[in-house]
1. Enter the per residue convex hull volume of the chain, computed from alpha-carbon coordinates, in Å³ rounded to the nearest integer.
2. Given +1 on the Cβ of Lys and Arg, -1 on the Cβ of Asp and Glu, and no further charges, what dipole in debye does the chain carry about its Cα centre, rounded to the nearest 20?
3. What is the spin-label model distance, in nm, from Gln33 to Lys227 if the labels are put 7 Å beyond Cα along the C-beta direction?
4. At q = 0.24, 0.26, 0.27 Å⁻¹, what is the base-10 log of I(q)/I(0) for the stretch 92-158 according to the Debye formula with one equal point scatterer per Cα and no solvent? Please give it to two decimals.
5. Helix 14-30 sits at what angle to the longest principal axis of the chain, using alpha carbons and giving 0 to 90 degrees rounded to 10?
6. Counting only heavy atoms of the protein chains, get the accessible area per residue of the stretch 60-192 (1.4 Å probe) and round it to a whole Å² value.
7. Quick one: with all protein chains in place, what share of the accessible area of the stretch 161-236 is carbon or sulfur, to the nearest percent (1.4 Å probe)?
8. Restricting to DSSP H runs of at least four residues, report the calculated mean residue ellipticity at 222 nm for the chain, -39500 (n - 2.57) per run over all residues, nearest 500 deg cm²/dmol.
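The values are calculated or read from the model by the stated rules, or taken from the named source; none is laboratory data. Because the structure is predicted, anything quoted here is derived from the model rather than measured. Cβ coordinates were reconstructed from backbone atoms using ideal geometry, including for glycine residues, and neighbour counts include every protein chain displayed. Calculation scope for accessible area: heavy atoms of the full protein, side chains included, ligands and nucleic acids excluded. Shrake-Rupley method; radii C 1.70, N 1.55, O 1.52, S 1.80 Å.
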Amino acid sequence: MDYTHSQSFGVMKLKEHYNELYINALQKIDRDQYETDDLIASPADNRFGLTLLIRPGDEVKKRIRTFLEELKTIDPNQYFYPDADIHLTVMSIISCYDGFKLTQVDKEAYIEVIQASLPGAENLEVKFEGITASPSCVMVCGFANRYLDELRNNLRVNFRNSALEQSIDKRYSIRTAHSTVIRFKNRLRRKNDWLKILEMYRRFHFGSFTPDSIELVFNDWYQRAEKTKLLHRFTL
């Protein structure tokens, strides 16, 4: 399987990008310059949006869970994504913002545009290998074949040619295939032990999978199952 990322990513290869993120994040964590998220447990958090996403296979989620359990034994006071919430974002159609409601959009119109963007997506394959981080979270590194980029480009074109509300590429142009699995909720305890485990999983192979469906969901910022509504499942 060819996991080489498409030319749209530019000269920097995806592995180099993940590695740069990791190095920068670990420097900040080591200096206690990382960021904790105060909104995770806040009942006042009213940020919602529309997302197109993929769920990894059970074997992949099992290996991710093993990784998370090791970190939980050291510091359980962080936010660890449960199995049901782990995902790969294909495209944030409407980025989460405060007060967005599902009643603002015509669900069927979004489904129609996405359906028209799917040809070729049935060939999509993903490999999860290694971990990376940011100053606020830990991510599993994902590598997709060229069909993920093709799908994203189809979505960009088709949504821009529609009159539907969307915020594609407004915050940033999505180019990776990572899955966020931990967010820093509190200050880290036993930081050095935490960093040792991250290093142990630096190049760990979590597994590969071929998605059989893609989901359009109405979701909160953290993609929590209890706050997520499945709008449509596209069979590949």
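1. Values: hull volume 28.8 nm³, N = 236.
Cα convex hull per residue, to the nearest whole number: 122 Å³.
2. Working: 34 positive and 33 negative charges, 101 e Å.
Result for the chain is approximately 480 debye, rounded to the nearest 20.
3. 3.0
4. -1.03, -1.06, -1.08
5. Roughly 40 degrees, rounded to the nearest 10.
6. On the way: 5730 Å² over 133 residues.
Here the per-residue accessible area is 43 Å².
7. Details: 1910 of 4060 Å².
Ligands and nucleic acids excluded, carbon and sulfur reach 47 percent.
8. Values: 5 runs with 70 residues, N = 236.
Mean residue ellipticity at 222 nm (helix-derived): -9500 deg cm²/dmol.
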